[in-house]
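Student: One structure is given below, represented as structure tokens, and several questions about it will come after.
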Number of protein chains: 2
Amino acid sequence: MLSRKYVETFFEKDIARHIPHLSVDCVIFGFHGADLKVLLLKWKGLDLWALPGGYVARRESLDAAAQKVLLERTGLRRVHLRQFHAFGGLSRREGSARQLFARVGIKVPDDAWPLHRVVSIGYYALVDYWKVRPGHDFLSDSCMWCSTDDLPPLAFDHRDVVRVALRTLRENLASPVIEATLLPERFTMPELQRLHEAILGRRLDRRNFQKRMLESGILERLPERRTGGAHRAAYLYRFKTSRASLVN
Amino acid sequence: MLSRKYVETFFEKDIARHIPHLSVDCVIFGFHGADLKVLLLKWKGLDLWALPGGYVARRESLDAAAQKVLLERTGLRRVHLRQFHAFGGLSRREGSARQLFARVGIKVPDDAWPLHRVVSIGYYALVDYWKVRPGHDFLSDSCMWCSTDDLPPLAFDHRDVVRVALRTLRENLASPVIEATLLPERFTMPELQRLHEAILGRRLDRRNFQKRMLESGILERLPERRTGGAHRAAYLYRFKTSRASLVN
């Protein structure tokens, strides 16, 4: 995990072991209640949040760099992680990085490339909300789940990064990997519908949705039902394809 | 266009004006006959072909760098160009670049980054086959259309780059932008079917295909028919949405 020592050593000498002007950023999605959420870090002493990310070592593939970020932030190893877009605008980071390092009292040479243009490769991860123990670090006050419907002020172009990740999820909604990784192993039809609604950002007709899902043939209805709550016991379902076969 | 002078000057001094270890590569698709084709450059004096690509200037966005490559190679300005994946494997370029520069007699310092690891942002472009005048340059013997079914030996990881671009096309086949940019303004139903077959890599049932296309409501049947050939005159269609509104 990022300590003051780690950051100081990075700028003193480790920077040379990294590919300059390149980073990875991870949009880590979890589903909770009826909300699609992303994991964000609050920058220390600033009202600014950011996606977890990191630089890429010269002897490290892009995928490995993203997996490292994910492991550090969530403690999870085998998760569905996909590259979705490279962000290479000219002014995507502006002065924000400089502001953060000044705030935490780290001296960074003016010509250090992290203060200048950085191209970031965006990855999205689909994780089980309940299995994640968010952890903050030296550069952040906290790390927490925020609803995609109601994001706090984001650093850099990270609002745009989240928007493009969400669009990619929408485009891939036909593939069961998304539901299978964001839902628990066994779920009810209303839970599945709420996930679709959260990703699509709009309400769906209950009967049409149920019909379409059952006809798709990807679901298996389990013998037991979910009891408890005010409503009548709901059928439980699971995906015919096992979750393990869908993850990476 | 790339001349000997341009390449020499690049390694002498222009290299510093570029983001190190970063490039763009373009998979330029055209449709001809029943074949989906890509534009490839044959490396001078070597039996090795490569996708058109280039490095990214420090004051140039990724999209602008890809557009520049496309303009140089096809002469076309307003084309459908989309980023689809960043290729960042550790050994994706191996010794190939060194071999090419040696072959054309350009001295490149051993520590110059183009001889080492380069992360490449892949773009695909959909162009009108008939509007392209392929042009080669100082580093290549020729520039020509090759069928995606029968690719020559490719440099770097470019076979993989083409494969991922093709998979992205398949995933996006539901969107009319692909047909609208690869087909001429007016086309017959068999032409549309052959394009789908070329992208999907499999034959489709004629009647089902026609039914599905007509029901989708995206096509407009024109009053005139295509005459000539052994068969009875075929209906001509066009997309209801204008091509211009679909391009970029």
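The values are calculated or read from the model by the stated rules, or taken from the named source; none is laboratory data. Everything numeric here is computed off the predicted structure, so don't read it as measured data. For neighbour counting, all protein chains shown are included, and Cβ atoms are generated from backbone atoms with ideal geometry for every residue, glycine included. For accessibility, only protein heavy atoms count, side chains too; no ligands or nucleic acids. Shrake-Rupley method; radii C 1.70, N 1.55, O 1.52, S 1.80 Å.
Student: Calculate how steeply helix B:158-171 sits against the longest principal axis of the alpha-carbon atoms of chain B, using the helix alpha-carbon long axis, and give the answer as 0 to 90 degrees to the nearest 10.
Tutor: Helix B:158-171 sits at roughly 30 degrees to that axis.
Student: Here's something else I'd like to know. Relative to the longest principal axis of chain A, what angle (0 to 90°, nearest 10) does the C-alpha long axis of helix A:189-200 take?
Tutor: Compared with the principal axis, the helix lies near 40 degrees.
Student: For chain A, take the longest principal axis of its alpha carbons; what is the angle in degrees between that and the long axis of helix A:206-216, to the nearest 10 within 0 to 90?
Tutor: Approximately 90 degrees, to the nearest 10.
Student: Buried accessible area between A and B (1.4 Å probe, both chains summed, ligands and nucleic acids excluded), in Å² to the nearest 100?
Tutor: By this definition, chains A and B bury close to 1600 Å².
Student: Here is a further query. Got a number for carbon plus sulfur as a percent of the stretch B:98-248's accessible area, 1.4 Å probe?
Tutor: About 49 percent, which is the carbon plus sulfur part of the accessible surface.
Student: Of all the Cα-Cα pairs you can form in the stretch A:103-248, what percent are over 28 Å apart?
Tutor: 36
Student: For the stretch A:121-176, just run the numbers: alpha carbon Rg, then divide by 2.2 N^0.38 Å, N being how many residues it has.
Tutor: For the stretch A:121-176, the normalised Cα radius of gyration is 1.29.
Student: Follow-up. Kindly tabulate the residues in the stretch A:51-78 with an accessible-area decrease of at least 20 Å² between the chain alone and the assembly of all protein chains, using a probe of 1.4 Å.
Tutor: A:R58, A:R59, A:S61, A:L62
Student: Skipping prolines and chain starts, which residues have an amide H placed within reach, meaning under 5 Å, of the one on A:H18, given they are 5 or more residues away or on another chain?
Tutor: Under 5 Å from the amide H of A:H18 lie the amide H atoms of A:R58, each far enough along the sequence or on another chain.
Student: Contour minus end-to-end for A:E171 and A:Y235, with contour as 0.36 nm per residue of separation and end-to-end as the Cα-Cα distance?
Tutor: Full-extension gain reported as 20.2 nm.
Student: List the extent of the Cα atoms of the stretch A:137-217 along each of their three principal axes, largest first, rounded to whole Å.
Tutor: 49, 24, 19
Student: If you wrap the stretch A:64-151's Cα atoms in a convex hull and average its projection over all directions, what's the area in nm²?
Tutor: Dividing the Cα hull surface by four gives the mean projection, 7.2 nm².
Student: Okay, next question. Give me the accessible area per residue for the stretch A:116-248, probe 1.4 Å, as a whole number in Å².
Tutor: Result: 53 Å² per residue.
Student: If I model the stretch A:1-69 as equal point scatterers sitting on the Cα atoms and use the Debye formula, what is log10 I(q)/I(0) at q = 0.12, 0.21, 0.27 Å⁻¹?
Tutor: Log10 of I(q)/I(0), two decimals: -0.41, -1.03, -1.26.
Student: Rg to Rh for the protein assembly as shown: what is it, with Cα atoms only and Rh by Kirkwood?
Tutor: We get a ratio of 1.00 for the protein assembly as shown.
Student: Pop out the ³J(HN,Hα) list for the stretch B:46-58 in order, Karplus 6.51 cos²θ - 1.76 cosθ + 1.60 with θ = phi - 60°, rounded to Hz; leave Gly and Pro as x.
Tutor: 10, 8, 9, 10, 8, 6, x, x, x, 8, 10, 5, 4
Student: Enter the accessible area of A:Y6 (Å², nearest 10), with the probe set to 1.4 Å and all protein chains included.
Tutor: 110
Student: What lysines does B:K13 reach when the alpha-carbon gap must be under 21 Å and sequence neighbours fewer than 8 apart in one chain are set aside?
Tutor: B:K5, B:K68, B:K107
Student: List every residue whose amide H lies under 5 Å from the amide H of B:G135, counting only residues 5 or more places away in sequence or on a different chain, with H placed 1.01 Å from N in the peptide plane.
Tutor: Excluding prolines and chain starts, which carry no amide H, there are no hits.
Student: Then there's this: Nothing charged except the Cβ atoms of Lys and Arg (+1) and of Asp and Glu (-1): what's the magnitude of the dipole of chain A about its Cα centre? Round to the nearest 20 debye.
Tutor: 640
Student: Check each residue of the stretch B:99-124 and keep those whose accessible area, probe 1.4 Å, is at least 30 Å² smaller with all protein chains in place than in the chain alone; give them in order of residue number.
Tutor: Hits at the 30 Å² cut-off: B:R117, B:V119.
Student: What percentage of all Cα-Cα pairs in the stretch B:22-62 are separated by more than 16 Å?
Tutor: In whole percent, the share of Cα-Cα pairs in the stretch B:22-62 beyond 16 Å is 53.
Student: Under the rule of -39500 (n - 2.57) per DSSP H run of 4 or more residues, summed and divided by the residues of chain A, what mean residue ellipticity at 222 nm is obtained, to the nearest 500 deg cm²/dmol?
Tutor: Value at 222 nm, helices only, nearest 500: -9000 deg cm²/dmol.
Student: Please compute the average number of Cβ atoms from other chains found within 10 Å of each residue's Cβ in peptide A:9-20.
Tutor: Taking all residues of A:9-20 together, the mean is 1.
Student: Further question on the same structure: For A:D160 paired with B:D141, estimate the spin-label separation in nm (one decimal), with each label point 7 Å from Cα along the Cα-to-Cβ line.
Tutor: 4.3
Student: Evaluate the Kirkwood expression for the hydrodynamic radius of the stretch B:26-101, namely the inverse of the mean inverse distance over all pairs of different C-alpha atoms, and round to one decimal in Å.
Tutor: 14.4
Student: From zero up to wherever the largest Cα-Cα distance of chain A sits, split into 10 Å bins and tell me the percent of pairs in each.
Tutor: In order of increasing distance, the bins hold 7, 29, 32, 18, 9, 4, 0 percent.
Student: Pull up the cross-link candidates among the lysines for A:K240, meaning alpha carbon to alpha carbon under 21 Å and not fewer than 8 places away within one chain.
Tutor: A:K211
Student: Å³ per residue of the Cα convex hull, for the stretch B:185-239?
Tutor: 97
Student: Still on this model: Check B:V119: other-chain or 5+ apart residues with amide H under 5 Å from its amide H, H built from backbone geometry?
Tutor: It is B:L22, B:S23, by chain and number.
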